[in-house]
Amino acid sequence: MMKTQLQSISRGALLAIVPAIALSALTAIARDDETREPVDYVNPLIGTDGAGTEYGGVVPGVTAPFGMTQWLPMTRKNEVSRCAYHYRDRFIQGFLGSHQPCVWMGDYGQVSLMPGVGPVVVDPQKRKLPFAHGDETSTPYSYAVTMNRGADAITAEFSATARAAIFAFTFPSVSDKQRRPYLVFDASQEYTTA
């Protein structure tokens, strides 16, 4: 009889504790959800990886709803049937203002910009900077990345408006005149070397 009473007390306690824990967890989740908007659940990096038919043809673009221009990090040249960003790439060549509606159409009227330190380099293959996905934050409304870790690290952040973007660049503090920060603006895909 003693064992039966203990079992019923244990079951009763268990039946009271489990719902209390579940309610506590749900309350914590609900509190977190109160501070998040539906857009905060979107991961723009989904679809940026793969090859062939497994490639989603998606870019982590930042734009306002119904915005005219989509801004994105450029890890490769933007061409017909080739997106300007691919998840497996490890270098950023610039930040692109694109009007490309889909991967199989060309992008006309694009512009890109790229920060740098030292002598000005205009060729995207020569000016590209390494980055790691751990240093990258991508949402539908903002993007941030730190490139070129170490003493020459440059952080780029941007957010979109209906027709443009607001950028912020953080350059390393340098006293050497040969290591001055700069921005390259490309208004064409026809790159020239200097």
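Numbers below:
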{"item": "Whole-Hz ³J(HN,Hα) from phi, Karplus 6.51 cos²θ - 1.76 cosθ + 1.60, for segment 34-49, glycine and proline x", "result": "5, 8, 9, 8, x, 5, 5, 8, 7, 10, x, 7, 5, x, 9, 10"}
{"item": "Segment 107-173 - share of DSSP beta bridges that are antiparallel (%, nearest 5)", "result": "100 percent"}
{"item": "Signed unit charges on C-beta, dipole axis of segment 130-194, positive-most listed residue 138, 171, 185", "result": "171"}
{"item": "Fewest-first ranking of 154, 46, using other Cβ atoms within 10 Å as the exposure measure", "result": "46, 154"}
{"item": "Segment residue 168-residue 77, extension gain: residue separation times 0.36 nm, minus the distance between their alpha carbons", "result": "30.5 nm"}
{"item": "Sites residue 176 and residue 142, calculated FRET efficiency, Cβ-Cβ separation with R0 25 Å, nearest 0.05", "result": "0.20"}
{"item": "From phi via Karplus (6.51, -1.76, 1.60), per-residue ³J(HN,Hα) for segment 127-138 in Hz, x at Gly/Pro", "result": "8, 4, 10, x, 8, 10, 5, x, 9, 10, 10, 10"}
{"item": "Where trypsin sites (Lys or Arg not before Pro) fall in DSSP loop in segment 126-167, at most 11 other Cβ within 10 Å", "result": "163"}
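Bear in mind that the values in this text are calculations on the coordinates, not laboratory data. Predicted model only: the values in this text are computed from it and were never measured. Neighbour counts run over all protein chains shown; Cβ positions are idealised from the backbone, glycine included.
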